[in-house]
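**Student:** Handing you this structure, nothing more for now.
The values are calculated or read from the model by the stated rules, or taken from the named source; none is laboratory data. As the structure is a prediction and not an experimental result, all values here were calculated from the model. When we count neighbours, we look across all protein chains shown, and the Cβ atoms used for this are built from the backbone with ideal geometry, even at glycine.
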Amino acid sequence: MKRIVVGEGSCGIAAGAAKVFSALEPLVSGDQNIRLSITGCIGMCYLEPIVDLYEDDTLVQRLVLVGENDAPAIAQAVKSGDFSGVEHLFIKEEDKEFLSKQTRIALRNCGIVDPTDIHDYERRGGYEGLKKVLTSMTPEEVIEVIKTSGLAGRGGAGFPTWFKWNAARSAQSKSGSKYLICNADEGDPGAFMDRAVIESDPHNLIEGMMIGAYAIGATEAVVYVRAEYPLAIKRLESAIQEARANGMLGKNICGSDFSCDMRIKAGAGAFVCGEETALIASLEGERGMPRLKPPFPAQAGYNSEPSNINNVETFANVPWILANGGEKFAAMGTENSKGTKVFAVTGKVRKGGLVEVPMGVTLRDVIFGIAGGIRDGKQCKAVQLGGPSGGCIPYELFDTIIDYKALTATGAIMGSGGLVVMDESTCMVGIAKFFLDFTTKESCGKCVPCRIGTKRLYEILTRIVEGNGKEGDVELLEELCKAVKDSSLCGLGQTAPNPILTTIRYFRNEYDAHIREKKCPAHECAALLHYHIDEEKCKGCTLCARKCPAKAIDGIAKKPHVIRQDSCIKCGQCYAACRFGAVTVE
Amino acid sequence: MNQITITIDGKKCTGPAGATILNIAKLNGIEIPSLCANGLVKNYGACGVCVVESESSPKLLRSCSTEAADGTVYHTDTERVKKARRVAFELIMSDHEGDCLPPCMLKCPANSNCQAYIKQIALGNNKEATKIIKETNPLPASIGRVCPHPCEKDCRRQHVDESLSIAFLKYFAADKDLFSEDRYKPEAASDTGKRIGIIGGGPAGLTAAYFLRLQGHEVTIFDMMPHMGGMLRYGIPEYRLPKEGILQKEIDTIEELGVKMVNNYKIGRDISFDDFRKKFDAVVIAIGAWTSSSIGCKGEDLPGVYGGIDFLRRVIEGSAPAIGKNVAIVGGGNTAMDACRTAVRLGAENVYVIYRRTEAEMPAEKVEIEEAREEGVQFKFLTNPAEIIAGADGKVKQMKLQVMELGEPDESGRRKPVPVEGKFEILELDSVISAIGQHVDPAGMNGVELNKRGIIAADEASFRTNLENVFAVGDATNRGASIAVEAIGEGQKAAKVIDSFLRGKEVPYRMPFVSKRDPKDIDFSQWESYPRAKMPTRAAAVRKGDFLEVNKGFDPDDAVKEAFRCLECGCHDYKNCELIRFAQQEPVLQPERFAGEKHPYFTEQKLVCIERNQGKCISCNLCVRICDEDVGKGVLGLVGRGFTTVIKPEFNNKKVLEFCKSCKKCAENCPTGALKVLD
């Protein structure tokens, strides 16, 4: 059977994959030998839309950057078996490395299976782990396997999964209910690992959750997904119905005594609801605000009953671990970080996308080895790991390995997988301000250190990038950062200062340049830029004056022009427009 | 119930199992600051000021919502805890918009609670008003007449129309009390057996004596003059402050309280300072500044040249010098005004005020300048004495005046007068009165350390001199001569310090931390203009011929109307405010370090009997939680996120307000003045 598979994750659809699919459909619908289907996210955002051509289960050719106009040529090529007409769409050898260099466990089915078809999942060994668990293992044995695997929470904190499961299993329930909750409230700017897993391989999540539910003795499972992920919700909802219809959810799963159903709760898009106690409050219909721990959710969580909360990626590893054994998972990685980690690589890299690598490889391996290094021939400067809770690691430390301890030692954190790469044109004070803007707005407003502290941090950063920084501001930032970390109620506030602290630690010179010299070394902070026209180079072509939206450039034709600094709004249009390199910026 | 034992700051504390660290601390007499916890509601942990450290946890713990663990050692005073608590308070205060105390009170050197007594005046309770005034000032009828009222300079009413007439309201209320049947007479506490000797019976000494006596100490004032009152008596003309009619009556009240008063007694003449000291547990030097500064020009020692305060004293003593018909007073301050107007009353026909700057720069009160002018005083601005020239009799005959012009501003911000080269004027004169300043004469105070300017050096917080048990206050100390209310403020503050010292644990004076608003942030258009009450005075033509009081005092109706002009800037909740009570226990807070956007200050009345002020709300959310968890109504809720979070009707839906049953629990439990119960 010849198969045409169109990558339809949100990213592929955004790039036009659905249009490609629609264009292909009438061209191949009559052909019994060709099956047109979709898959989820293949992971190479920079090459979307992607169309894979299969012969049965063998990938024959991968076509990239496909447009809907390419559909007739693709249909013709598949029908005839002569691919010369689509040669221009072939993936390059270099780009094949993006996937071949990865080790995919959590993402093992992403971009391969049809997320809308449970049988496609089962054909790749899906639900084998769950069947094995329900037919031959006690919950304690399951927990033991997870313990052996060394799996740790992939949401960012890296807490041992077996420990949480065991705590929830041991906890007494007053009503007889226990809950297993999946945290799919993925909110870090630049992170989309969880979305990709749900959109691309929802049954893997369902299977992982049911294994967890069995282990802790849960009576109900809930997936808390942010409402901004409509496709993920739609695919998961249909997968839940499929799983239920196929006996993988609901009463007497796989014919066993174990019963557990699952539902989706769409979150209203508050970042803080990724914090487990806030998530529980939100599930309960309360305002999403964190509560103090203890009591921990395992003791008194959702509805004050024992609850276990894991992240999507954590659950996505579980079926594989149960199918392949804990030892095999533990064989990957480092002494204190086992298995693999998925990263959403974005920023100034040549190849952005989803990357899953074994723990222990270096940041350089990921950013240069897989993601192809920096775009446009620029210098790499740093990488932000862990989103607003994480920190900036400078290029000099790119030999740091992906390992919970090693990354924490740099001042950053592993985080949930957001990996934003920055080049020389990125202002590090500006980056810190960007993240504080985010945390300030996403703070729930409950506790003082976070509600007011992050606001004040943001205000100080703002005055620095606007050229109003004062001597002592860096020290004030450091003092306030420490207080906010030390006294905030939940993880949001406790980690919010990390972007500031790491940028001060590694890029103090940039802070000093803004404060003392009123200069932005990266030439990014508009308030600190000054545009000038070099009299000798200016030909008087008047182009810059015509482009200037502020009418801040004076001059007559064929005479050097001058920028009136008091009117200049520093938009940079003159700089971009000048064909003689006469406009300089400093 | 099971009891557990924990250690807090080294003290063994027991309490019921399951209780929070905060509650066990409370049960054992240890107070941990906390703003958002309350027994009516569940643990919450928002404000962050209650953090403590545990020897068995790496994290700071919120004591209000952390269950105490049996056998655990907790600390509330480590550097880490103190730092976290301080920053939490500073952050809260950086977003707390309100005036704890009214600006008039903060500006008053004696911190007189003007807003409180003005309110009593508005309500017609003059005795209650006097009682409030006398909490800080035992001489209100006198001070109300003569005070240059710094309070009025900061009065917010000036942004609407004009400042309140605060000093004259004080004068009004104090007079009403002074001449009533049942004068306000506080009682001294029971005798402590401690003896205090006060040197000098001016405003500083009288005030210190009054407050120390109230505390039950045995106080004696020694004064070199025949009457008590100091500069109030001998430096201020009768027409401004009637001595027997007002001042002496107020002094009598102090004496009636049990303060002993000894006159015509001078340390260094009648007794050595060392011997004097030995007789008391504490000594207060309040000798004032009684020497006139000299003009510093040729001829300043001629017969017919008098020092300003010497001149005023001699007039009051009844031995006025013969100043003749043409008199020049040098200087532009209040003493110069007193001297020129006194000269008018002595019959001088041409009275000149020589001042080297212009009227705008004159430090004297505007009303004094006006009244002097009404009485015929001639002002010679931009002139400076170059020489005083003697006549054939060797006495003053003429003054040569250097004509001046204003140059660049000096350090004080005033434009500096500079001579116009070669330009002079000649004035024909009979006498000259120099009113350009006064100095301390510390003779007799053997061993007391002086500062560089020859003034007694006293610590600004403890009022201590270099000598054990010797304190010093008023004009005689530090910056030298100032206004009477400044001396009263020092006497009052020193009394507190000395009392604490005599009781064994000296607490130095510290201006308590308070929240203040910037007038720039206030919209004054909400108030309607209503003119300031004018003080009725005797006509210039009449009054210039005698020494009877110029002011006639407010008519009661006018006083009440004036009192109603008060904007009541200070917070109604200052005395019960938990936020400020705890904040004041901290080392001096500097919320301005974190100055930034604040929640706006405005009041709204959404609930029937509650007025809410957004600026004062610290988002502890007690009102929201109490209404929900304790009252069971859930009328209030949080709207918005992060810094923009505000308390509104639940779901921002006004309809839920109908569920309010006016139980007032929200306002009663508000830790700040954000919620106010309307009567």
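**Student:** For residues that are more than 22 Å from residue B:44 (Cβ to Cβ) and acidic (Asp, Glu), scanning just segment A:441-493, find the one that is nearest to the other protein chains (Cβ to nearest Cβ).
**Tutor:** Across segment A:441-493, the extreme among qualifying residues is A:459.
**Student:** Would it be correct to say that residue A:444 is in a loop (DSSP other than H, G, I, E, B) and surrounded by 23 or more Cβ atoms within 10 Å (Cβ to Cβ)? Quick ask: steps written out before the conclusion?
**Tutor:** On the way: in a loop (DSSP other than H, G, I, E, B): yes; surrounded by 23 or more Cβ atoms within 10 Å (Cβ to Cβ): yes.
Judged against the criteria, residue A:444 is a match.
**Student:** What's the total number of residues in segment B:439-497 that are of a type in the set (A, V, I, L, M) and farther than 24 Å from residue B:150 by Cβ? It would help to see each step written out before you state the result.
**Tutor:** Going through segment B:439-497, the residues of a type in the set (A, V, I, L, M) turn out to be B:440, B:443, B:445, B:448, B:450, B:455-458, B:461, B:467, B:470, B:472-473, B:476, B:481, B:483-485, B:487-488, B:494-495, B:497.
Filter once more, so that each one left must be farther than 24 Å from residue B:150 by Cβ: B:443, B:445, B:448, B:450, B:457, B:467, B:470.
Matching residues across segment B:439-497 total 7.
**Student:** Moving on. Suppose we keep only residues that are within 14 Å of another protein chain (Cβ to nearest Cβ) and in a helix (DSSP H, G or I) within segment A:494-528. Which one would you say is nearest to the chain's Cα centre (by Cα)? Steps first, answer last, please.
**Tutor:** Within segment A:494-528, the subset within 14 Å of another protein chain (Cβ to nearest Cβ) is A:494-497.
Those still in the list that are in a helix (DSSP H, G or I) too: A:494-495.
Numbers: A:494: 21, A:495: 18 Å.
Taking the candidates together, the pick is A:495.
**Student:** Pick from segment A:118-131 the residues that are surrounded by fewer than 17 Cβ atoms within 10 Å (Cβ to Cβ) and of a type in the set (D, E, K, R): which of them is nearest to residue A:356 (Cα to Cα)? So that I can check it myself, show each step before the final result.
**Tutor:** Taking segment A:118-131 and keeping what is surrounded by fewer than 17 Cβ atoms within 10 Å (Cβ to Cβ), we get A:119, A:122-125, A:128.
Narrowing the set further to residues that are of a type in the set (D, E, K, R) leaves A:122-124, A:128.
Details: A:122: 22, A:123: 23, A:124: 19, A:128: 23 Å.
So the residue we want is A:124.
**Student:** If I ask for residues that are under 18 Å from residue A:474 (Cα atoms) and surrounded by fewer than 15 Cβ atoms within 10 Å (Cβ to Cβ), which ones from segment A:506-557 would you list?
**Tutor:** Those that are under 18 Å from residue A:474 (Cα atoms) and surrounded by fewer than 15 Cβ atoms within 10 Å (Cβ to Cβ): A:508, A:509, A:516, A:517.
**Student:** Only residues in segment A:374-385 that are more than 17 Å from residue A:435 (Cα to Cα) count as the first member; pair them with residues that are buried (at least 24 other Cβ atoms within 10 Å of the Cβ) and among the acidic types (Asp, Glu), Cβ under 8 angstrom, at least 6 apart or cross-chain, and list the lot.
**Tutor:** none
**Student:** Now for a different question. Are any residues in segment A:14-37 surrounded by fewer than 20 Cβ atoms within 10 Å (Cβ to Cβ), within 27 Å of the chain's Cα centre (by Cα) and under 25 Å from residue A:123 (Cβ atoms), and if so, which ones?
**Tutor:** The answer is A:18, A:37.
**Student:** So the check is Cβ under 7 Å with 6+ separation or different chains; which pairs have a first residue in segment A:289-315 that's within 14 Å of chain B (Cβ to nearest Cβ) and a second one that's of a type in the set (S, T, N, Q) and assigned to a helix (DSSP H, G or I)?
**Tutor:** A:290/A:277; A:291/A:277; A:293/A:277
**Student:** Restricting attention to segment B:46-102, which residues are over 21 Å from residue B:2 (Cβ atoms), more than 10 Å from every other protein chain (Cβ to nearest Cβ) and of a type in the set (A, V, I, L, M)?
**Tutor:** Matches in segment B:46-102: B:52, B:101.
**Student:** Still on this structure: Looking for something within 14 Å of another protein chain (Cβ to nearest Cβ) and either of a type in the set (A, V, I, L, M, F, W, C) or in a helix (DSSP H, G or I) (or both) - is there at least one such residue anywhere in segment A:368-378? Before the answer, list the steps.
**Tutor:** Residues of segment A:368-378 within 14 Å of another protein chain (Cβ to nearest Cβ): none.
Scanning segment A:368-378 turns up no residue that is within 14 Å of another protein chain (Cβ to nearest Cβ) and either of a type in the set (A, V, I, L, M, F, W, C) or in a helix (DSSP H, G or I) (or both).
**Student:** Among the helices (runs of 4 or more DSSP H) contained in segment A:109-227, which hold 3 or more residues that are within 23 Å of residue A:284 (Cα to Cα)? So that I can check it myself, show each step before the final result.
**Tutor:** Details: elements: A:118-123, A:128-136, A:139-149, A:161-170, A:193-200, A:202-216.
Those helices (runs of 4 or more DSSP H) span A:161-170, A:202-216.
**Student:** Quick check on segment B:656-666: of everything there that is in contact with a strand residue (DSSP E or B) (Cβ under 8 Å, 6 or more places away or on another chain) and not in a loop (DSSP other than H, G, I, E, B), which residue is nearest to residue B:611 (Cα to Cα)? Quick ask: steps written out before the conclusion?
**Tutor:** Taking segment B:656-666 as the starting set, the residues that turn out to be in contact with a strand residue (DSSP E or B) (Cβ under 8 Å, 6 or more places away or on another chain) are B:656-657, B:664, B:666.
Narrowing further to those that are not in a loop (DSSP other than H, G, I, E, B): B:656-657, B:666.
Values: B:656: 17, B:657: 14, B:666: 11 Å.
Selected residue: B:666.
**Student:** Starting from residues that are surrounded by 22 or more Cβ atoms within 10 Å (Cβ to Cβ) and among the hydrophobic types (A, V, I, L, M, F, W, C), keep the ones in segment B:648-672 and report whichever is farthest from the other protein chains (Cβ to nearest Cβ).
**Tutor:** Filtering segment B:648-672 for residues surrounded by 22 or more Cβ atoms within 10 Å (Cβ to Cβ) gives B:666, B:670-672.
Filter again for among the hydrophobic types (A, V, I, L, M, F, W, C), leaving B:666, B:670.
Values: B:666: 18, B:670: 16 Å.
Ranking the qualifying residues of segment B:648-672, first place goes to B:666.
**Student:** Separate question: In segment A:19-55, how many residues are in a helix (DSSP H, G or I) and touching a residue at least 12 places away in the same chain (Cβ under 8 Å)?
**Tutor:** Pass one, segment A:19-55, residues in a helix (DSSP H, G or I): A:19-28, A:45-47.
Of the ones still in play, those that are also touching a residue at least 12 places away in the same chain (Cβ under 8 Å) are A:19-24, A:27-28, A:45-47.
The qualifying residues number 11.
**Student:** If residue B:552 satisfies all but one of (1) closer than 30 Å to residue B:513 by Cα; (2) at pLDDT 95 or above; (3) exposed (fewer than 14 other Cβ atoms within 10 Å of the Cβ), what's the number of the condition it fails?
**Tutor:** (1)
**Student:** Working only within segment A:423-440, note down all residues that are more than 9 Å from chain B (Cβ to nearest Cβ), buried (at least 24 other Cβ atoms within 10 Å of the Cβ) and in contact with a Lys or Arg (Cβ under 8 Å, 6 or more places away or on another chain).
**Tutor:** A:428
**Student:** Next question. Out of A:268, A:278, I need the residue that is of a type in the set (A, V, I, L, M), surrounded by fewer than 17 Cβ atoms within 10 Å (Cβ to Cβ) and within 14 Å of chain B (Cβ to nearest Cβ). Which one?
**Tutor:** A:268
**Student:** Still on this structure: Mind listing just one residue for me: the one in segment B:626-640 that is away from chain A (no Cβ under 11 Å) and under 21 Å from residue B:34 (Cα atoms) and, of those, surrounded by the fewest Cβ atoms within 10 Å (Cβ to Cβ)?
**Tutor:** Restricting to residues being away from chain A (no Cβ under 11 Å) and under 21 Å from residue B:34 (Cα atoms), the top hit is B:629.
**Student:** Check every one of the strands (runs of 3 or more DSSP E) wholly within segment B:1-107 and list those with 2 or more residues that are under 16 Å from residue B:586 (Cα atoms) and without any contact (Cβ under 8 Å) to a residue 60 or more places away in the chain.
**Tutor:** Values: elements: B:3-8, B:11-16, B:51-54, B:60-62, B:73-75.
Qualifying strands (runs of 3 or more DSSP E): B:51-54.
**Student:** Right, next: Does residue B:130 satisfy being within 30 Å of residue B:228 (Cβ to Cβ), outside any helix (DSSP H, G or I) and away from chain A (no Cβ under 14 Å)? First the steps, then the outcome.
**Tutor:** Details: within 30 Å of residue B:228 (Cβ to Cβ): yes; outside any helix (DSSP H, G or I): no; away from chain A (no Cβ under 14 Å): yes.
It is false that residue B:130 is within 30 Å of residue B:228 (Cβ to Cβ), outside any helix (DSSP H, G or I) and away from chain A (no Cβ under 14 Å).
**Student:** Of the numbered conditions (1) hydrophobic (A, V, I, L, M, F, W, C); (2) over 19 Å from the mean Cα position of the chain (by Cα); (3) away from chain B (no Cβ under 14 Å), residue A:402 satisfies every one except a single condition; which is it?
**Tutor:** If we test residue A:402 against (1) hydrophobic (A, V, I, L, M, F, W, C); (2) over 19 Å from the mean Cα position of the chain (by Cα); (3) away from chain B (no Cβ under 14 Å), just (2) comes out false.
**Student:** Which number in (1) without any contact (Cβ under 8 Å) to a residue 24 or more places away in the chain; (2) over 28 Å from residue B:153 (Cα atoms) marks the one condition that residue B:359 misses?
**Tutor:** (2)
**Student:** Scan segment B:15-31 residue by residue and report those that are touching a helix residue (DSSP H, G or I) at 6+ places or on another chain (Cβ under 6 Å) and buried (at least 24 other Cβ atoms within 10 Å of the Cβ).
**Tutor:** At the first step, the residues of segment B:15-31 found to be touching a helix residue (DSSP H, G or I) at 6+ places or on another chain (Cβ under 6 Å) are B:15.
Within segment B:15-31, none qualify.
**Student:** May I pose another question? Given the condition closer than 25 Å to residue A:447 by Cα, within 25 Å of the chain's Cα centre (by Cα) and free of Cβ contacts under 8 Å to residues at least 40 places away in the same chain, answer yes or no: does some residue in segment A:253-268 qualify?
**Tutor:** The initial filter retains those residues of segment A:253-268 that are closer than 25 Å to residue A:447 by Cα, namely A:267-268.
Those still in the list that are within 25 Å of the chain's Cα centre (by Cα) too: A:267-268.
From what's left, free of Cβ contacts under 8 Å to residues at least 40 places away in the same chain: none.
Looking for residues that are closer than 25 Å to residue A:447 by Cα, within 25 Å of the chain's Cα centre (by Cα) and free of Cβ contacts under 8 Å to residues at least 40 places away in the same chain, one finds none in segment A:253-268, hence no.
**Student:** In a loop (DSSP other than H, G, I, E, B), buried (at least 24 other Cβ atoms within 10 Å of the Cβ) and not assigned by TED's automatic domain parsing to the domain that holds residue B:532: which single residue out of B:388, B:329, B:323 fits that description? Working first, answer last.
**Tutor:** Details: B:388 fails: in a loop (DSSP other than H, G, I, E, B); B:329 fails: in a loop (DSSP other than H, G, I, E, B).
Among B:388, B:329, B:323, only B:323 is in a loop (DSSP other than H, G, I, E, B), buried (at least 24 other Cβ atoms within 10 Å of the Cβ) and not assigned by TED's automatic domain parsing to the domain that holds residue B:532.
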